[in-house]
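No lab work stands behind these numbers, since they all come straight from the coordinates. These numbers come from a predicted model, not from an experiment. Note that we place each Cβ from the backbone using ideal geometry, even for glycine, and neighbour counts take in every protein chain shown.
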């Protein structure tokens, strides 16, 4: 019942309260709820508990927690909000469980819904199941698809298309990663291991390094490992125009040597040196890695025909790229 002065009497608690203390309800004449917000909340809670009891469920009692804290229903402890993860879909912006409990619940749900945590990861990352993985590895004879010596353990996929290519060992999988699945770099690395270095006619010279402080133990380290001095390495890098002799794109950081004979070859950048090491310094393995990548390159079929205007535009763009290239490189050959 509404009274003058913008107030209304709640028939449940019997108190006369401001109209703002009542929720909206378009079905009633005054457009306000019959009960005040406090009474409406109490009635709603009682109704909810009654429905759950009829379903055989028990509603947990709300546990009062101090400000800046939150109750974890799994470990039944009150912890600081810093102990909870973020969840933007909740009113509090926090996960229901503390971080340790959340990790356990997430793992249990993965096993419950997907059979195992590994099966979940395979489906999530590669779109395959554990059975698909087992069949794929069986077709490879249980061995890495590249080196064919070590058992395959890692699913390999194209980072551009997402296509699953095969199962690789740790070293071969990392070797492809260091070369960025680049078939040109893999071919250059295979030729390099075969004793053939392709010296370019043009290079983009790196910035001058200036005076670099040399560690006191560098010469000792170089002499013990490679029978070289720091000055010898600097002359070798200078003869390489300050670039790695495999990719010709990055400054060299490591002296590369043959692990069978101990002979120093050249100075390489970190990715090329590490990639060659992951492929065990084996020219045949690198060639197989190249074939492995080329076998999964998509065939786009015949080239689409171009109109005369498109051919003119392509020729103009190619000429611009050629001019830009020659404007940024230095002839060294």
Nearest 10, in degrees from 0 to 90: the angle of helix 183-193 to the longest Cα principal axis of the chain is 40
How far is the Cα center of region 8-82 from the Cα center of region 246-321, in Å?
-> 66
From the P(r) of region 115-168, can you give the percent of Cα pairs sitting at distances over 12 Å?
-> 63
Any number yet on Rg/Rh for region 206-331, C-alpha, Kirkwood?
-> 1.14
When 95, 261 are arranged by how many other beta-carbons sit within 10 Å of their Cβ, fewest first, they go 261, 95
Over the chain, the sum of -39500 (n - 2.57) across DSSP H runs of at least four, divided by residue number and rounded to 500 deg cm²/dmol, gives at 222 nm -12500 deg cm²/dmol
What residue among 161, 129, 45 shows peak mean-square fluctuation when the chain is described by a Gaussian network model with Cα springs under 10 Å?
-> 45
Per the Debye formula with a single identical scatterer at each Cα and no solvent contribution, what log10 I(q)/I(0) holds for the chain at q = 0.09, 0.11, 0.13 Å⁻¹?
-> -0.81, -0.97, -1.15
What list do you get for 176, 137, 198 if you sort them by fewest beta carbons within 10 Å?
-> 198, 137, 176
Would you mind checking the tilt of helix 308-328 against the longest principal axis of the Cα atoms of the chain, expressed as 0 to 90 degrees and rounded to 10?
-> 70
So how far apart, in nm, are the two label points at residue 17 and residue 207 if each is 7 Å from Cα heading toward Cβ?
-> 6.8
Cα shape, region 11-71, gyration tensor, a/c 1.5 rule = oblate
Would you mind checking the tilt of helix 130-139 against the longest principal axis of the Cα atoms of the chain, expressed as 0 to 90 degrees and rounded to 10?
-> 20
Rounded, prolate or oblate: which fits region 69-111, taking a ≥ b ≥ c as square roots of the Cα gyration tensor eigenvalues, rounded meaning a/c under 1.5, else prolate when a/b beats b/c?
-> oblate
Please report 26, 50, 99 as a ranked list, fewest other C-beta atoms within 10 angstrom at the top and most at the bottom.
-> 26, 50, 99
Picking from 157, 259, 241, which is most flexible by a Gaussian network model of the chain using Cα springs under 10 Å?
-> 259
Cα-projected label distance for residue 117 with residue 160, points at 7 Å along beta-carbon direction, nm = 3.5
Tell me the Kirkwood hydrodynamic radius of region 244-297 in angstroms, computed as one over the mean inverse distance between distinct C-alpha pairs.
-> 11.9
Computed FRET value (nearest 0.05) for residue 71 with residue 7, which takes r as the C-beta separation and R₀ as 41 Å | 0.60
Name the residue, out of 122, 24, 321, whose mean-square fluctuation peaks in a Gaussian network model built on the chain with Cα pairs under 10 Å.
-> 24
Take the Cα of residue 99, step 7 Å along the line toward its Cβ, and report every residue of region 72-90 whose backbone nitrogen sits under 18 Å from that point.
-> 72-88
Inter-label distance, nm, simple model (7 Å from Cα along the C-beta direction), residue 321/residue 182 = 1.6
Normalized C-alpha radius of gyration of region 116-225, against 2.2 N^0.38 Å?
-> 1.55
In Å, the Kirkwood hydrodynamic radius from C-alpha pairs for region 1-117 sits at 18.1
Where does region 73-178 land on Rg(C-alpha)/(2.2 N^0.38 Å)?
-> 1.47
Work out, step by step, the length gained on full extension between residue 270 and residue 63: first 0.36 nm times the residue separation, then minus their alpha carbon distance; give nm to one decimal.
-> 68.8 nm
